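J.: Would you mind keeping the following structure in view while I ask a few things?
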Amino acid sequence: MERQAFGAAVRQLREGTAPTTVGLTPGGRRVRGLRREELAELAGMSADYVRRLEQGRSHPSVGVVNAIARALRVGRADYERLCALAGHAAAEGWVPTDLGPGATRLLERFADTPMIVSDGAMNVVAVNSAFLALEHWNLTGDRWQWNVAWRAFCDPFEAFKQSAADADDHEAVLVTRLRSSLLRYPADAPLADLVDELRTRSRRFDALWRAPRPVHAYESSATITQSDGGSVTLVGNLIAIPGDDLAAVVLTAAPGSADAARLAEVVGAADGPAVVKVGRSGPG
């Protein structure tokens, strides 16, 4: 029933939208409002897909609802109605990227523990020098070189190895976080672009996106190899920073283990500030 209602709402809005309001010329028209082909072009999808949506034969994702709402330039009330009919939560704004005082204090107080802080889109916004000392996060110049999900699914680190079970847990967390963020921030175009690109480039991501696995643990272990040939196995634990809508991943070794000794050696040689803001051009 919801699919039919959503489709009917889209058709009603399409037929009630004057071409001039979305930047099109009226021309010689025989239909009310916009043609399906025009809506499809404005929303970045095929006319056949718009037809299937209007006929209730396809369930729209958050990205699709967003694209249609932007293309038709609907108001807030119509946008919320489309979201409700599609079964998604309406939201506005972009994913917050400010480091915030809470995350800053966390990095400062655990300066000798490798740590990264990422936003809701899984973009790393800051790390500490202890994390950089692990040397595994190589920069590729790619648009999403500092995105955790992108690096896991599309551009994996050569010096970062996980067991199949740990990789499964790690991937489940990444997909869950991205799905949650896309629901909360459907107006964030870069986030939608990231998800679309991940689904296009990674069959594994696309499969998990369509049929997500439940998250059993917000931690996983990995073995990281340094430039001198030594390696250390660490456990990464995800810590939410809800006030800033950020999350920190803290990397630790088993107390008293050889990995703990190796970590202390690596971190002890680190020289730099407790808070290192990063971005697409690298640490800065």
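J.: Restricting to region 35-75, and then to whatever is among the β-branched types (Val, Ile, Thr) and farther than 18 Å from Pro190 by Cα, can you tell me which residue is modelled with the highest pLDDT?
T.: Step by step, filter region 35-75, then rank; the result is Val50.
J.: At least 2 residues that are surrounded by 14 or more Cβ atoms within 10 Å (Cβ to Cβ), over 21 Å from the mean Cα position of the chain (by Cα) and small (Gly, Ala, Ser) in each: list the strands (runs of 3 or more DSSP E) lying fully within region 172-284 that qualify.
T.: Counting at least 2 such residues, we get 219-225.
J.: Does region 54-67 contain at least one residue that is under 17 Å from Gly16 (Cβ atoms), in contact with a helix residue (DSSP H, G or I) (Cβ under 8 Å, 6 or more places away or on another chain) and in a helix (DSSP H, G or I)?
T.: Yes, because at least one residue in region 54-67 is under 17 Å from Gly16 (Cβ atoms), in contact with a helix residue (DSSP H, G or I) (Cβ under 8 Å, 6 or more places away or on another chain) and in a helix (DSSP H, G or I).
J.: Also, I was wondering about something else. Looking for something surrounded by fewer than 20 Cβ atoms within 10 Å (Cβ to Cβ), modelled with pLDDT of 90 or more and of a type in the set (S, T, N, Q) - is there at least one such residue anywhere in region 80-100?
T.: No, region 80-100 has no match at all.
J.: While we're here: Does Asp78 satisfy the condition of being within 23 Å of Asp188 (Cβ to Cβ) and acidic (Asp, Glu)?
T.: yes
J.: Determine which single condition Asp196 fails, assuming it passes every other condition in (1) free of Cβ contacts under 8 Å to residues at least 40 places away in the same chain; (2) closer than 30 Å to Arg73 by Cβ; (3) not small (Gly, Ala, Ser).
T.: Going through the list (1) free of Cβ contacts under 8 Å to residues at least 40 places away in the same chain; (2) closer than 30 Å to Arg73 by Cβ; (3) not small (Gly, Ala, Ser), Asp196 breaks only (1).
J.: Give the residues of region 132-158 that are out of contact with any Asp or Glu (no Cβ under 7 Å at 6 or more places or on another chain) and β-branched (Val, Ile, Thr), sorted by residue number.
T.: If the condition is that a residue be out of contact with any Asp or Glu (no Cβ under 7 Å at 6 or more places or on another chain) and β-branched (Val, Ile, Thr), then Val148 is the only one that fits.
J.: Are any residues in region 32-53 in a loop (DSSP other than H, G, I, E, B) and over 17 Å from Arg3 (Cβ atoms), and if so, which ones?
T.: Passing the criteria: Arg32, Gly33, Leu34, Arg35, Gly44, Ser46.
J.: Go through the residues of region 29-45 one by one and say whether even a single one is in contact with a Pro (Cβ under 8 Å, 6 or more places away or on another chain) and surrounded by 20 or more Cβ atoms within 10 Å (Cβ to Cβ).
T.: There is at least one residue in region 29-45 that is in contact with a Pro (Cβ under 8 Å, 6 or more places away or on another chain) and surrounded by 20 or more Cβ atoms within 10 Å (Cβ to Cβ).
J.: Conditions: (1) closer than 14 Å to Val10 by Cα; (2) crowded, with 18+ Cβ neighbours inside 10 Å; (3) of a type outside the set (A, V, I, L, M, F, W, C). Gln55 meets all but one. Number of the miss?
T.: (2)
J.: Could I ask something else about it? Pick out the one residue from Gly268, Gly282 that is in the same structural domain as Leu139 (by TED's automatic domain parsing), closer than 17 Å to Asn128 by Cβ and at pLDDT below 95.
T.: Gly268
J.: Does Arg11 count as outside the structural domain of Ala189 (by TED's automatic domain parsing), surrounded by fewer than 16 Cβ atoms within 10 Å (Cβ to Cβ), farther than 19 Å from Val195 by Cα and charged (D, E, K, R)?
T.: Taking the combined requirement at face value, the residue does not satisfy it.
The values are calculated or read from the model by the stated rules, or taken from the named source; none is laboratory data. Model, not experiment: these values are computed from the prediction. As a convention, Cβ positions derive from the backbone with ideal geometry for all residues, glycine included, and neighbour counts pool all protein chains shown.
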